[in-house]
Amino acid sequence: MTLVGCIGGGQLGRMLALAGAPLGVRLRFLDPAPDACAGDVGELIVGRYDDPELLDRLAAGADAVTYEFENVPVAAARRVHAVPDARALEHAQDRLVEKELFRRLGIPTARFGTVEETGLPALVKSRRLGYDGKGQRMIDADAELAGDELAEEVVSFERELSVLAVRGRGGETAFYPPVENEHRGGVLAVSRSPATGAPQREAEEIARQLLDELDYVGVLAVELFEVGGRLLANEFAPRVHNTGHWTIEGAETSQFENHLRAILGLPLGAVEARGSAVMVNLVGGIPPLERVLRVPGARVHLYGKEPRPGRKLGHVTLVDAPEEAVAEVVALALDAWES
């Protein structure tokens, strides 16, 4: 049996474990929450992410160690020789460092820096620990930024896209089809793949530059804005990603299986889409399952987490489903989200 250690025991870790089981790969998790949902499907070590003794326990006997969120302490990732390398975390954890990486590689972004550099109105973001719309505020007049804040130009984009890439230990690379994403209150609500008419080559080139620069191994997601037919990079995530959940049913190999293949040095799986896929997030509340499961083609994934406002509790995937079926699932999910 192959063993993979994982820093973090949330739903992404849970889905990594489910993808690993058919390959004879089991997961061991480190998480401070005793009820971390990945503990249902793998061994769970409860404690701080930066506890040296627990990190050593996590890595003991493991064939590889990875992580499932990007705010892992860099020193912890280095201690266990995590894959992807901790250098990816250093760039993803600080929005300014991330944007400067984009600039150095010639990857287009919205203007960023001070309010004088971005113009007004501007979006002010915390440099660290911002996700799902947190740590952001809009300003329309000159304002002093705190040392831990970054201003970004407000971009009038046509749509938000993302691209998932996977790179193996030998440098082999594969790209999933670009995805179109819809958000609600800064939280992902719906992803559609493949994104109709998306500039796939441009998206792949942006991801490829990051993979090569960081000597990256594993799955990486890049979030993008489409503006007038060109792409601006918003941010990247050095991990499996919410906008890739459709791949479980909708691609030849899921993002979770390919991440495990990559970090273990196994051949990458095919990434072609099996059809048109839609992923609907279940946030805050779970709609009546008997209603969702009556929708033809609806595949439900629940994470085993207690409901609370804004919490991601699961998702539903539909592949090659009629639009009325998709609309029904979206309506059920949004009703539960609001209740």
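The values are calculated or read from the model by the stated rules, or taken from the named source; none is laboratory data. Because the structure is a prediction, the values reported are computed rather than measured. Heads up, the Cβs are rebuilt from the backbone with ideal geometry, glycines too, and the neighbour counts pull from every protein chain shown.
Key figures for this structure:
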quantity: Complete set of residues in the range 192-214 that are of a type in the set (Gly, Ala, Ser) and in contact with a Leu (Cβ under 7 Å, 6 or more places away or on another chain); calculated: Ala195, Ala198, Ala203, Ala207
quantity: Residue count, the range 284-310 (criterion: crowded, with 16+ Cβ neighbours inside 10 Å and part of a loop (DSSP other than H, G, I, E, B)); calculated: 9
quantity: Residue among His91, His183 that alone is part of a strand (DSSP E or B) and of a type outside the set (A, V, I, L, M, F, W, C); calculated: His183
quantity: Hey, Leu18 surrounded by fewer than 23 Cβ atoms within 10 Å (Cβ to Cβ) and among the hydrophobic types (A, V, I, L, M, F, W, C) or not; calculated: yes
quantity: Of all residues making up the range 35-50, the number that are touching a Pro at 6+ places or on another chain (Cβ under 9 Å), crowded, with 20+ Cβ neighbours inside 10 Å and either not aromatic (Phe, Trp, Tyr) or not in a loop (DSSP other than H, G, I, E, B) (or both); calculated: 1
quantity: Filter result for Gly310 (at pLDDT below 95 and under 19 Å from His183 (Cα atoms)); calculated: yes
quantity: Qualifying residue in the range 48-66 (condition: in contact with a Leu (Cβ under 6 Å, 6 or more places away or on another chain), modelled with pLDDT of 95 or more and of a type in the set (Asp, Glu)); calculated: yes
quantity: Qualifying positions in the range 212-238 - buried (at least 21 other Cβ atoms within 10 Å of the Cβ) and at positive phi; calculated: Gly218
quantity: Close pairs (6 angstrom Cβ cut-off, 6 or more residues apart or separate chains): closer than 24 Å to Asp335 by Cα and not assigned by TED's automatic domain parsing to the domain that holds His259 in the range 175-197, modelled with pLDDT under 95 and outside any strand (DSSP E or B) anywhere; calculated: none
quantity: The range 105-120, residues that are surrounded by fewer than 15 Cβ atoms within 10 Å (Cβ to Cβ) and closer than 14 Å to Phe236 by Cβ; calculated: Leu105
quantity: Identity of the residue in the range 242-273, charged (D, E, K, R) and outside any loop (DSSP other than H, G, I, E, B), that ends up surrounded by the most Cβ atoms within 10 Å (Cβ to Cβ); calculated: Glu257
quantity: Checklist (1) farther than 28 Å from Trp246 by Cα; (2) in a helix (DSSP H, G or I); (3) free of Cβ contacts under 8 Å to residues at least 40 places away in the same chain applied to Leu58, failing item; calculated: (3)
quantity: Selection status of Arg239, of a type outside the set (S, T, N, Q), closer than 29 Å to Pro199 by Cα and in a loop (DSSP other than H, G, I, E, B); calculated: yes
quantity: Sole exception among (1) part of a strand (DSSP E or B); (2) loosely packed, with under 15 Cβ neighbours inside 10 Å; (3) in contact (Cβ under 8 Å) with a residue 40 or more places away in the chain; (4) of a type in the set (A, V, I, L, M) for Leu129, by number; calculated: (1)
quantity: Filter result for Ala88 (crowded, with 21+ Cβ neighbours inside 10 Å, over 22 Å from Leu150 (Cβ atoms), in contact (Cβ under 8 Å) with a residue 60 or more places away in the chain and touching a strand residue (DSSP E or B) at 6+ places or on another chain (Cβ under 8 Å)); calculated: no
quantity: In the range 150-171, the residues that are part of a strand (DSSP E or B) and buried (at least 19 other Cβ atoms within 10 Å of the Cβ); calculated: Leu150, Ala151, Glu152, Glu160, Leu161, Ser162, Val163, Leu164, Ala165, Val166, Arg167
quantity: Some residue of the range 121-142 being among the acidic types (Asp, Glu), assigned by TED's automatic domain parsing to the domain that holds Val326 and touching a strand residue (DSSP E or B) at 6+ places or on another chain (Cβ under 6 Å); calculated: no
